[in-house]
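Everything below concerns the one structure shown next.
Just so you know, all these numbers are worked out from the coordinates, no wet-lab data involved. All figures in this text were calculated on a predicted structure; none of them were measured in a lab. Neighbour counts are summed over all protein chains in view; Cβ atoms, including those assigned to glycine, are modelled from backbone coordinates with ideal geometry.
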Amino acid sequence: VKPKVLTYAERASQCTHSVSRRLLKIMEQKKTNLVLSADVTKSKELLDLVDKTGPHICMVKTHADTLDDFCDDFVEKLKQLSNKHNFLIFEDRKFADIGNTVVHQFSGGVHRISDWADVINAHTVPGAGVVQGLQKVAQGKDIGCLLIAEMSSAGNLATGDYTQVTVKIAEENPDFVIGFICLSKLSSNPALLHMTPGVQLKEGQDALGQRYLTPQEVISNRGSDIIIVGRGIYGASDPTEAARQFQIAGYDAYLARLS
Ligand code: 6AU
């Protein structure tokens, strides 16, 4: 028999981490498993994009280091929008150094990520120390970490044993790790979230190695939980309408998996 697929609400009640619980509740309430990857380079453009697409997303993903004009006021406004539209903030910093270095990268520098992000992510190439360093900073704060277990780009090395060890590190750190960046379901633990980038409405690739799958393939066939979409939304002539289409495609694919 096929194992029963749990709803977002059922999974929320099984989560011990406050951030995964909050995210799953938002997904259930707003009927969306869409994360907007807001990869634009001006803060005003980013805030406008997020205000327009906010009703359709459960989380916004930023690359703070690619903004030309990052400042505290931007962070304040992004937080206001996250309250207005009820979504979480994920800073896609991809920490990848020894524990002692990521402590400072996470808490300090220009961006002071630990002051404002709900979710961060890390590569596991340094071993479990990267998670321990980040967790030290997150102590007492509501921040969850995703581990990059698989990547969407052609020729990447996050495969096989690397992916399996990453899953193990996640399962051993439930107080901090809330899931994965991955291309398919990797763990049967209902508290771990699977988030997949490289999503467009049609399969394909870009000129620099990015590869795209459809929401249907990612959620229904590969058992992931969340789609992360950048250019498919902010590169569209009508980003709000594009976000609405991805919301519907992603949520329909989830409903199909439940039935
Ligand atoms: O939809 P796109 O191709 O415009 O943007 C995809 C976004 C980018 C990447 O930095 C990110 O997703 N990403 C990640 C993440 C989220 O960690 C991992 C990966 O393997 N591939 C990928 O594209 O902001």
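Where a Cα-Cα gap under 16 Å defines reach, which aspartates and glutamates qualify for LYS168, not counting those fewer than 8 residues away within the same chain? Of all the aspartates and glutamates, those that pass the test against LYS168 - Cα under 16 Å, at least 8 places apart if same chain - are GLU150.
A crude spin-label estimate for the pair ARG211 and ASP48, with each label 7 Å from Cα along the Cβ direction, gives 3.6 nm. Karplus-based coupling profile of the range 110-116, in residue order and whole Hz: 6, 8, 6, 4, 5, 7, 9, with θ = phi - 60° in 6.51 cos²θ - 1.76 cosθ + 1.60 and x standing for Gly or Pro.
Listed by chain and number, the lysines whose C-alpha is less than 18 Å from the C-alpha of LYS77, apart from same-chain residues fewer than 8 away, are LYS42, LYS44, LYS52, LYS61.
Can you pull out the trypsin sites (Lys or Arg not before Pro) in the range 1-68 whose DSSP state is coil and whose Cβ has at most 13 other Cβ atoms within 10 Å? Please list the in-between numbers first.
Details: sites: LYS4, ARG11, ARG21, ARG22, LYS25, LYS30, LYS31, LYS42, LYS44, LYS52, LYS61; in loops: LYS4, LYS31, LYS42.
Sparse-neighbourhood loop trypsin sites (Lys or Arg not before Pro): LYS4, LYS42.
Calculate the FRET efficiency for ASN189 and ASN221 from the Cβ-Cβ distance with a Förster distance of 25 Å, rounded to the nearest 0.05.
Values: r = 20 Å, r/R0 = 0.82.
Using R0 = 25 Å, I get an efficiency of 0.75.
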